[in-house]
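Single-structure report; data block below.
The values are calculated or read from the model by the stated rules, or taken from the named source; none is laboratory data. Remember, predicted model here, so these are calculated numbers, not experimental data. Neighbour counts are summed over all protein chains in view; Cβ atoms, including those assigned to glycine, are modelled from backbone coordinates with ideal geometry. Just the protein is used for accessible areas: all its heavy atoms, side chains included, with ligands, DNA and RNA removed. Shrake-Rupley method; radii C 1.70, N 1.55, O 1.52, S 1.80 Å.
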Amino acid sequence: MSDGLFAAFDIGLVFALALGLAIWQLIVLRRGIRRDRAEAAARAEASQPPEQP
């Protein structure tokens, strides 16, 4: 393998790792936001008084 090709491959691996970690963090963040919204909606529903007919 030539030096230039090996360098490109090495840099590509580093960028692939960084991109993979960024995507993983984005997925975890979005999952946390979704969980927080669901919990807030459940708390709001539980705190409302029952409707009287």
Worksheet item: among the small types (Gly, Ala, Ser) and surrounded by fewer than 10 Cβ atoms within 10 Å (Cβ to Cβ): does that describe ALA16?
Response: no
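In this structure, does LEU21 turn out to be open to solvent by less than 100 Å² (accessible area, probe 1.4 Å), within 11 Å of the chain's Cα centre (by Cα) and not β-branched (Val, Ile, Thr)?
yes
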